[in-house]
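Here the structure comes first, spelled out in structure tokens, and everything after it is commentary.
The values are calculated or read from the model by the stated rules, or taken from the named source; none is laboratory data. Because the structure is a prediction, the values reported are computed rather than measured. A quick note on method: Cβ atoms are made from the backbone with ideal geometry, for glycine too, and the neighbour counts reach across all protein chains shown.
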Amino acid sequence: MSTDTKATEAEIIARPLHFKGGKIAPNCLAKAPLEETLARTGGGPPNFAHYELYRAWARGGWGLIITGNVAIDPRHLGTPWDVVVPAEERNLVHFKAAMKRYADACTGRDQPDAVDPAKRPLAVVQLVHAGRQSMRGSGRGITEPALAPSAVPMSTMGGLGFISRFLDHMLWGPVQAMTTEQVQQLRDRFVQAALICAEAGFDGVEIHGSHGYQIAAFLSPRTNTRSDQYGGSAENRARLLLEIVDSVRKQVSDDFIIGVKLNSSDYVQGGLTEDDALLNVKWLAENGGVDFVEISGGNYENPSFVMEGFDSEAEKAKLDKLSKKRGSANGATDAKATGTGAATVQGSGADPTSKTTARTGKREAFFQNFARQCRSTLPADTRLKIILTGGLRSRHGIAQAILPDDGAADMACLGRPAAVFPDLPKRLTDTSIPDGSAEAGTPEYKVPAVSSLALVPTKIVGAGWGTLWHTFHMAQTVLGNTPDPKKSTYGLIKAYTGTGATQTAFKEPNDDWYMLIVMTAIPAVACIAVLLFGNRS
């Protein structure tokens with residue numbers, strides 16, 4: 001920390017971040033991508049609700065704003081209410097116009113009196129293809145399979161015995177391996193979407209290669225068993241991602257930001273190993289066209305990373321134990337195979353020193369150790385910045401993670417706190433609030449019922465509720481309500497059913513009640529199944 005020996009923690013966080021292409025983030029705080037679920041049912045363009053939400057974040061003082069999912073394929077939505085790039089040419093004109101308004105909202109250009117144009121946030125669109133994690137019927141017929149690198153079905157309902165496979169089949173449906181031609185069409189759709197974002201006035205795009213989505217599925221040896229040029233070796237598994245980056249960079253200006261979200265680990269047997277993950281970062285750095293990598297981890301098959309009390313070291317221990325158990329049961333051949341899975345999280349995840357302070361008593365920066373390894377392997381003149389997400393809450397934890405010389409990352413990325421407190425950066429960078437005081441970090445809050453749901457062996461139930469609760473709070477921001485983490489669940493739901501929007505105005509409440517029913521039906525069935533069959537599995 002030689003360059004900032006006298007800087008306060010607030011000043012460290014508030015320093016600008018210069019990207020090599022020329023763009024400058026006014027501070028080192030990024031708003032992480034979050035599922036807004038505010039588009040019309042079936043997916044659609046950004047709308048009034050999105051604009052209101054992102055205008056609030058633009059006023060909030062963030063250095064970088066990363067949007068929620070923008071699906072590049074209307075047949076593979078993450079939720080039925082995602083923003084989606086239309087497949088039909090006739091719909092692109094309206095979509096492009098909506099994206100220009102979206103860019104103005106995200107950057108604060110449409111409210112110059114509230115957002116200083118000289119200190120406006122940079123705005124980056126997260127582009128995603130949900131792949132095998134696209135729920136049944138999310139943009140396609142309920143019997144139509146999801147396309148993925150290989151025909152590996154989803155497995156999210158572990159812990160329910162024989163009922164697990166039935167619930168997974170009902171929720172996710174069948175999976176079909178893509179042809180080489182379909183893979184290249186997928187690449188072209190990512191490129192097309194990135195060019196639309198550049199034309200709309202966004203500062204950049206982030207390719208979502210994490211959390212089990214399509215690009216992550218290509219990178220993972222568990223879900224990519226292909227034998228063509230897009231599978232087999234780690235280099236072949238990364239080929240699609242690198243082709244997307246190359247194609248985008250050739251067609252945009254040098255200052256247009258290209259980012260990639262990557263896993264440090266999948267936290268599942270046979271998934272992405274730390275060695276593979278480090279190779280992916282190395283190749284992106286060598287590529288020379290990528291401006292940042294956002295480090296995260298986990299997927300829908302093990303969504304522990306979005307649950308309260310996440311501890312990557314504990315996840316590693318569970319994986320090691322499972323590997324040893326399977327190795328003993330299945331002999332040397334299987335032991336060798338599961339050993340690969342055990343290595344998945346070796347050394348990754350939380351830094352043992354990241355339990356930073358007695359002031360919070362909580363672990364922060366879940367993936368800090370892996371981010372530190374990434375940063376230490378980058379050449380001095382690299383274009384690539386490291387953005388760290390996951391668990392960051394206190395001013396002290398954030399400042400320690402991004403120390404100019406000794407930190408693990410260049411920028412800190414906050415998600416769920418941003419959903420509840422859209423103007424959190426003002427608090428974190430306010431030098432009039434002393435470092436170390438309770439007021440310097442994220443205000444304490446708890447998600448109701450999360451402890452009870454954590455007892456359900458199917459992790460996606462608890463994880464889904466936590467995500468939905470924070471989605472409700474984003475709806476509060478859409479309505480212009482004051483942040484209130486103590487607001488009752490009934491009050492949140494009641495307000496949520498009055499938000500969401502079509503292109504011109506708020507949509508009908510029935511549409512939102514339908515949304516709530518769909519989003520809670522499977523977790524409800526899972527809970528019932530635990531009560532009926534849990535002791536028999």
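The residues in region 12-52 that are among the small types (Gly, Ala, Ser) and within 17 Å of PRO121 (Cβ to Cβ) can be counted, and the count is 6. Does region 53-68 hold any residues that are farther than 25 Å from HIS129 by Cβ and either out of contact with any Gly (no Cβ under 7 Å at 6 or more places or on another chain) or surrounded by fewer than 24 Cβ atoms within 10 Å (Cβ to Cβ) (or both), and which are they? Within region 53-68, ARG55, ALA56, ARG59, GLY60, GLY61, TRP62, GLY63 qualify.
Comparison of ALA49, ALA39, ALA30, ALA7 shows that the only residue that is over 30 Å from GLN184 (Cα atoms) and either assigned to a loop (DSSP other than H, G, I, E, B) or of a type in the set (Lys, Arg) (or both) is ALA7.
Here's the yes/no breakdown for (1) under 21 Å from LYS385 (Cα atoms); (2) more than 23 Å from the chain's Cα centre (by Cα); (3) surrounded by fewer than 21 Cβ atoms within 10 Å (Cβ to Cβ):
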| residue | (1), (2), (3) |
| --- | --- |
| ARG15 | yes, yes, yes |
| ALA25 | yes, no, no |
| THR37 | no, no, no |
| THR41 | no, no, yes |
| PRO46 | no, no, no |
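The helices (runs of 4 or more DSSP H) located wholly in region 187-252 that include 3 or more residues which are of a type outside the set (A, V, I, L, M) and in contact (Cβ under 8 Å) with a residue 12 or more places away in the chain occupy 239-251.
Given the condition surrounded by fewer than 18 Cβ atoms within 10 Å (Cβ to Cβ), among the basic types (Lys, Arg) and farther than 25 Å from ARG75 by Cβ, answer yes or no: does some residue in region 241-250 qualify? Checking region 241-250: at least one residue is surrounded by fewer than 18 Cβ atoms within 10 Å (Cβ to Cβ), among the basic types (Lys, Arg) and farther than 25 Å from ARG75 by Cβ. Evaluate the following for GLY61: is it on the phi > 0 side of the Ramachandran plot and either outside any loop (DSSP other than H, G, I, E, B) or small (Gly, Ala, Ser) (or both)? Yes, satisfied. Considering only region 406-429, how many residues are assigned to a loop (DSSP other than H, G, I, E, B) and closer than 12 Å to ARG15 by Cα? Counting residues in region 406-429 that are assigned to a loop (DSSP other than H, G, I, E, B) and closer than 12 Å to ARG15 by Cα gives 2.
Residues are listed down the side, and each one gets a yes or a no for (1) more than 30 Å from ALA25 (Cβ to Cβ); (2) surrounded by fewer than 21 Cβ atoms within 10 Å (Cβ to Cβ):
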residue	(1), (2)
VAL70	no, no
THR79	no, no
ASN91	yes, yes
ASP110	no, yes
ASP116	no, yes
VAL125	no, no
SER134	yes, no
ALA146	yes, no
TRP172	yes, no
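So, ALA71, is that one at pLDDT 90 or above and out of contact with any Asp or Glu (no Cβ under 7 Å at 6 or more places or on another chain) or not? Here the answer is no, as ALA71 does not meet what is asked. Total residues in region 417-443 satisfying the condition of being within 18 Å of LYS486 (Cα to Cα), surrounded by 14 or more Cβ atoms within 10 Å (Cβ to Cβ) and charged (D, E, K, R): the figure is 1. Of the residues that make up region 48-57, is at least one more than 20 Å from ASP116 (Cα to Cα), of a type outside the set (A, V, I, L, M, F, W, C), in contact (Cβ under 8 Å) with a residue 12 or more places away in the chain and out of contact with any Cys (no Cβ under 8 Å at 6 or more places or on another chain)? For region 48-57, residues more than 20 Å from ASP116 (Cα to Cα), of a type outside the set (A, V, I, L, M, F, W, C), in contact (Cβ under 8 Å) with a residue 12 or more places away in the chain and out of contact with any Cys (no Cβ under 8 Å at 6 or more places or on another chain): present. Pairing residues of region 135-155 that are over 16 Å from GLY43 (Cα atoms) and free of Cβ contacts under 8 Å to residues at least 40 places away in the same chain with residues that are of a type in the set (A, V, I, L, M) and outside any loop (DSSP other than H, G, I, E, B), at Cβ distances under 8 Å and at least 6 apart in sequence or on separate chains, gives PRO145/VAL175; ALA151/VAL175; ALA151/ALA177; PRO153/VAL175. Within region 369-405, the residues that satisfy the criterion of being aliphatic (A, V, I, L, M) and either part of a helix (DSSP H, G or I) or touching a His at 6+ places or on another chain (Cβ under 7 Å) (or both) are ALA371, ILE398, ALA399, ALA401. Just give me the residues in region 205-220 being on the phi < 0 side of the Ramachandran plot and either in contact with a Ser or Thr (Cβ under 7 Å, 6 or more places away or on another chain) or small (Gly, Ala, Ser) (or both), in sequence order. Within region 205-220, GLY209, SER210, ALA216, ALA217, SER220 qualify.
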